[in-house]
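Contents: one structure, followed by commentary.
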Amino acid sequence: MKPGPPPIDISGRREGVWFERGFVWVCRVAIVLPLVTLVWLLGGVIARGLGRIDLGFLLDAPSQLDATTGGIWPALMGSLWLIVITAAVSLPVGVGAALYLEEYGKRTRLGTVVEIAIANLAGVPSIIYGMLGLGLFVRWMALGETVIAGALTLALLVLPVVIMSSREALRTVKDSLREAALGLGATRWQTTRHVVLPMAIPGILTGAILAISRAIGETAPLVVVGAVAFILYAPDGLDAEYTALPMQIFQWTSNPRREFLTNAAAGIVVLMFTLFLLNSIAILLRNRFQKRMY
Amino acid sequence: MTLPSPPPTTEPAMKIRVSGLKAWFGTHEVLKGIDLPIPAREVTAIIGPSGCGKSTFIRCLNRMHELVTGARSEGQVLLDDTDVYAPEVDPVLLRRRVGMVFQKPNPFPSMSIRENVLAGLRLTKRMGGRKPAEVCEKALRQAALWDEVKDKLDKPGTSLSGGQQQRLCIARTLAVDPEVVLMDEPCSALDPIATARIEDLLHDLRRDYTIIIVTHNLQQATRVSNRTGFFLQGELVEFDLTDKIFTSPQDRRTEDYITGKFG
């Protein structure tokens, strides 16, 4: 018989079992609670708004007089204009900045300062970006209260998000692969373009989805840079007056006549669907790239 | 009493001559002044305990060392007659003549076997008039991998076994036609059979290439190399023909290391 403590009774009860079970239940509630809330909210909006949506609602200009006619065509097109320009500006600049910081820039104290500054910029309230856009684009660059001024403001707003998520994606590419390419006599750019970027693209696209989703829902900065609350026409160029879906929804909800709330609900459904559509496209793109990665 | 040394056989031409090479990571001096001539078309093994600076040493030869943040080096490394640390030398071009195989197999995950082999030429736009199929087959044959992969060249490089991946990396390095091949413990992540295949390969390769291999497997050094350098704490303790190092080392520390007293 060997000395020492008695053998462990493996059919016994180990310590902390009840605590662990309790913790798992807390986690379950933490998942279910927000889901129920979301379904309840969306369900309410859809129940109220879905019946209002028809081709006319999508393709007509809004009506101030009659809640049962008119639609959201100018706001829908305004949002699309804003999103396309915002993406076209913020993605190349943001990904470029991330590439420089991760692949080219040396790790210096200045680099750390830049990193902290970008992280902080991502947390700045959107109304502040609106003020910046008003000063910089609307007044100083004299773009006026136009689509391009609004889109550039939104681009500034999402830029830190794009930069941070792109850097994160670039960091997941192993250094051993960069060394392999450099060891073959490839330049930094050749390494980045053909080895690093193909592997980072799915992650970069995920960040782009987040950024675009944020931009499409923003209202506050648009109010400041002069999106109009009521307009009968879709934008016809970069220098056109515009409104956006969230602006139109806000305008309807603040209308004293309650029947306009139905329009607001319908507008929310359209906004959610647009968002859903954009995200699906981005996710499809991401999966395509991922498949090529083996 | 020492025996008179035998008359020197014809000394081989030197491919690389290192003198006074020092290297740092931050303030930590990893190499403390290395002088080492490396003959052309031979296999030179670098041995020594972990942390002795042997990997850093070969990474200084193709200027990969300086890519690490905070790393720097000084001294002279002559490739043929050009100092690779001369200001007019472009490290990118240098690495096309001095290729490298790393410790862990690192095929490009986004590329097929064929694309991996051709990566060096394609990335640097040097395919020229060469036929991709021929370049690919030649490099894979040199790396003794052709027969195993010839029917699945379009499969991902990462689908191969560890030993095959490492030979794929060797093929990738050879495809750019370097003069010198640096190998940083190329077998440390491989099983004995895969290791034996790579050692066989080295015997064939030294006809055409100057090879410098870092290893902490002493048997491997005796099997594959013509000459061996023993590194200890950033210094080159002894450098001689492999046979002499392992049968009659001149330095006590070399003897202690190869007989397993430390390391």
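The values are calculated or read from the model by the stated rules, or taken from the named source; none is laboratory data. Nothing here was measured: the structure is a model prediction, and the numbers come from that model. Here the Cβ is made from the backbone with ideal geometry for all residues, glycine too, and neighbour counts use every protein chain on show. Heads up: the accessible areas ignore ligands, DNA and RNA and are worked out on the full protein's heavy atoms, side chains in. Shrake-Rupley method; radii C 1.70, N 1.55, O 1.52, S 1.80 Å.
For region B:145-220, trypsin sites (Lys or Arg not before Pro) meeting the loop criterion (DSSP other than H, G, I, E, B) and having at most 15 other Cβ atoms within 10 Å: B:Lys150, B:Lys152, B:Arg207.
Restricting region B:19-93 to GluC sites (Glu not before Pro) that sit in a DSSP loop and have at most 13 other Cβ atoms within 10 Å of their own Cβ leaves B:Glu88. Take the Cα radius of gyration of region A:59-293 and divide it by 2.2 N^0.38 Å, N being the number of residues; the result is 1.17. In a simple Cβ point-charge model (Lys, Arg +1; Asp, Glu -1; nothing else charged), region B:130-200 has a dipole of about 320 debye relative to its Cα centre. Proximity of backbone amide H atoms, modeled 1.01 Å from N, is registered between B:Gly229 and B:Ala45, B:Ile46, B:Ile47 at under 5 Å, excluding neighbours fewer than 5 places apart on the same chain. Couplings 3J(HN,Hα) for region A:57-72, derived from phi with the Karplus relation 6.51 cos²θ - 1.76 cosθ + 1.60 (θ = phi - 60°), are 4, 6, 9, 9, 6, x, 10, 7, 8, 10, 6, 8, 10, x, x, 10 Hz, where x marks Gly and Pro. For region A:59-293, averaging the sequence separation of C-alpha pairs within contact (under 8 Å, six or more residues apart) and dividing by the residue count gives a relative contact order of 29 percent.
Share of pairwise Cα-Cα distances greater than 24 Å in region A:7-137 is 68 percent (whole percent). Assuming charge only on the beta carbon of Lys and Arg (+1) and of Asp and Glu (-1), the dipole of the protein assembly as shown about its Cα centre is about 720 debye to the nearest 20.
Would you mind telling me the share, in percent, of accessible area of region A:59-293 contributed by carbon and sulfur at probe 1.4 angstrom?
Result for region A:59-293: 68 percent of the exposed heavy-atom area is carbon or sulfur.
Averaged over its residues, region B:31-96 has an accessible area of 38 Å² per residue, based on protein heavy atoms and a 1.4 Å probe. The contact residues of region A:185-220, meaning those that lose at least 50 Å² of 1.4 Å-probe accessible area when all protein chains sit together rather than their chain alone, are A:Gly185, A:Gln190, A:His194.
Of the trypsin sites (Lys or Arg not before Pro) in region A:14-113, the ones in a loop by DSSP (not H, G, I, E or B) with at most 13 other beta carbons within 10 Å are A:Arg14, A:Lys106, A:Arg107. In order along region B:242-258, the phi-based Karplus estimate (6.51 cos²θ - 1.76 cosθ + 1.60, θ = phi - 60°) of 3J(HN,Hα) comes to 4, 4, 5, 4, 8, 10, 9, x, 8, 10, 4, 5, 4, 4, 4, 5, 6 Hz; Gly and Pro are listed as x. Which value, in square angstrom to the nearest 100, describes the accessible area buried between chains A and B on both sides, using a 1.4 angstrom probe? Using a 1.4 Å probe, the pair buries roughly 2000 Å².
Per residue, region A:1-104 exposes 70 Å² of solvent-accessible protein surface, assessed with a 1.4 angstrom probe and all protein chains in place.
Figure note: B:Val89, A:Val24, B:Val98 ranked by solvent-accessible area, largest first, 1.4 Å probe, ligands and nucleic acids not counted: A:Val24, B:Val89, B:Val98. When the P(r) of the protein assembly as shown is calculated, the portion above 30 Å amounts to 65% of the C-alpha pairs. Each peptide in B:103-110, B:187-194 gets a packing score, the mean of other Cβ atoms within 10 Å over its residues, and the list from highest to lowest is B:103-110, B:187-194.
Surface composition of chain B: carbon plus sulfur atoms hold 49% of the accessible area, using a 1.4 angstrom probe and ignoring ligands, DNA and RNA. Karplus-based coupling profile of region A:199-215, in residue order and whole Hz: 7, 8, 3, x, x, 5, 5, 4, x, 4, 4, 4, 5, 5, 4, 5, 5, with θ = phi - 60° in 6.51 cos²θ - 1.76 cosθ + 1.60 and x standing for Gly or Pro. Counting Cβ atoms of other protein chains within 10 Å of each residue's Cβ and taking the mean over peptide B:104-115 gives 4.
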